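Have a look at the structure below before the remarks.
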Amino acid sequence: MTSRLVRCALACACAAGALGSGAHAASAHAVRAVRPPASDAALGDERLSDERTITRYANAVARAPVRERPSVRAPRIARLRYQTEDGPLETYLVLESRVSPTRTWVRIRIPRRSAGRTGWVQRGDLGPLLTVTTMLRVDRRALRATLYDRGRRIWSSRIGIGKPDTPTPAGHFWVRTRLKALGGGTIYGPWAFGTSAYSALSEWPGGGVIGIHGTDQPRLIPGRPSHGCIRVPNRNIRRLARLMPVGTPIHIV
């Protein structure tokens, strides 16, 4: 009797395991693989970035409309621009592609105050797709930023973030510009990165663009001294400048 119960229990456990395995396989199948970095095949209906280990970005080659859906009849929600508020070329993260009989569309992240907004543009309105394998995670509670390359941690630093009344926003952003010795290299340190995050009030030029930069007040790090920008000790921002390219996704939590 005991052995029969044991056999029944084992059979039930195996069946549950098989069901769980099948559900996991279905879930894994539902998550589309990302286009390999070295692929030069024509775009199809595919995922182009996971914003962790593979991220594609591009610059605009036309002042074209950004659509709500991949259709020329869809409402316009923004317009591509050539330059950022700081001057260098504007950078757009490219998330996926969609192909119709007459057009190829790509979905991009749009730099604006409402974090996470995306839209669709025709492929020809962007330049070459470039690829990065880095991702920066900013932990506001721990007051620490960590850079990963292909999922492996390669840099970390204590940081300063926004004050309670001018907080550093949470969300998915990216590095749009790299600026050396901004403002003479004093208040912003030797390097500064312009991001796609915005603050209602910021000492960063350009009407509220949040930056990641060095500082002339290292004693305030770690802490919450800024108007939204992320301050990094100068010795650490120099190393970050060697490791973090334009197009790097930024996850602020």
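Scanning the range 72-105 for residues that are among the charged types (D, E, K, R) and within 17 Å of Arg35 (Cα to Cα) yields a count of 2.
Cβ-Cβ contacts under 7 Å between residues 6 or more apart (or on different chains), taken from a first residue in the range 168-179 that is touching a residue at least 40 places away in the same chain (Cβ under 8 Å) and polar (S, T, N, Q) to a second residue that is assigned to a strand (DSSP E or B) and open to solvent by less than 20 Å² (accessible area, probe 1.4 Å), are listed as Thr168/Ile161; Thr168/Gly162; Thr168/Ile210; Thr168/Ile230; Thr168/Ile252; Thr177/Phe193; Thr177/Gly194.
Which ones in the range 149-165 are farther than 14 Å from Cys229 by Cα and not in a strand (DSSP E or B)? Passing the criteria: Arg150, Gly151.
Here's the yes/no breakdown for (1) charged (D, E, K, R); (2) under 17 Å from the mean Cα position of the chain (by Cα); (3) not in a helix (DSSP H, G or I):
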site	(1), (2), (3)
Leu147	no, yes, yes
His172	no, yes, yes
Val175	no, yes, yes
Gly183	no, no, no
Arg239	yes, no, no
Gly247	no, yes, yes
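The single condition among (1) in a strand (DSSP E or B); (2) crowded, with 17+ Cβ neighbours inside 10 Å that Ile77 does not satisfy is (2). Going through (1) in contact (Cβ under 8 Å) with a residue 40 or more places away in the chain; (2) under 17 Å from the mean Cα position of the chain (by Cα); (3) buried (at least 17 other Cβ atoms within 10 Å of the Cβ) one by one, Val253 falls short only on (3).
If you scan the range 116-134, which residues turn out to be open to solvent by 50 Å² or more (accessible area, probe 1.4 Å) and within 15 Å of the chain's Cα centre (by Cα)? Full working, then the answer.
Narrowing the range 116-134 to residues open to solvent by 50 Å² or more (accessible area, probe 1.4 Å): 117, 122-124, 128, 130-131.
Listed by number, the residues that qualify are Arg117, Leu130, Thr131.
The single condition from (1) more than 13 Å from Val106 (Cβ to Cβ); (2) assigned to a strand (DSSP E or B) that Val66 fails is (1).
The set of residues in the range 50-74 that are open to solvent by less than 60 Å² (accessible area, probe 1.4 Å) and within 20 Å of the chain's Cα centre (by Cα) comprises Asp50, Glu51, Thr53, Ile54, Thr55, Arg56, Tyr57, Ala58, Asn59, Ala60, Val66.
If you go through the range 193-228 and pick out every residue that is at pLDDT below 95 and hydrophobic (A, V, I, L, M, F, W, C), you end up with 6. The requirement of being of a type outside the set (Lys, Arg), free of Cβ contacts under 8 Å to residues at least 60 places away in the same chain and either in contact with a strand residue (DSSP E or B) (Cβ under 7 Å, 6 or more places away or on another chain) or over 22 Å from Ile237 (Cβ atoms) (or both) is satisfied by Ser156. Residues of the range 96-119 that are in a strand (DSSP E or B) and either farther than 19 Å from Ala62 by Cβ or small (Gly, Ala, Ser) (or both): Glu96, Ser97, Val99, Gly119.
The set of residues in the range 93-119 being more than 21 Å from Thr168 (Cα to Cα) and among the polar types (S, T, N, Q) consists of Ser97, Ser100, Thr102, Thr104.
Filtered by the rule that a residue be open to solvent by 30 Å² or more (accessible area, probe 1.4 Å), under 24 Å from Tyr92 (Cβ atoms) and small (Gly, Ala, Ser), the range 145-201 gives Gly151, Ala170, Ala200.
Only a single criterion out of (1) surrounded by fewer than 15 Cβ atoms within 10 Å (Cβ to Cβ); (2) part of a strand (DSSP E or B); (3) of a type outside the set (Gly, Ala, Ser) is not satisfied by Arg137, namely (1).
The values are calculated or read from the model by the stated rules, or taken from the named source; none is laboratory data. Given the structure is predicted, the values throughout are model-derived calculations rather than measurements. For neighbour counting, all protein chains shown are included, and Cβ atoms are generated from backbone atoms with ideal geometry for every residue, glycine included. When the accessible area is computed, the model is the full protein with side chains, heavy atoms only, and any ligands, DNA or RNA have been set aside. Shrake-Rupley method; radii C 1.70, N 1.55, O 1.52, S 1.80 Å.
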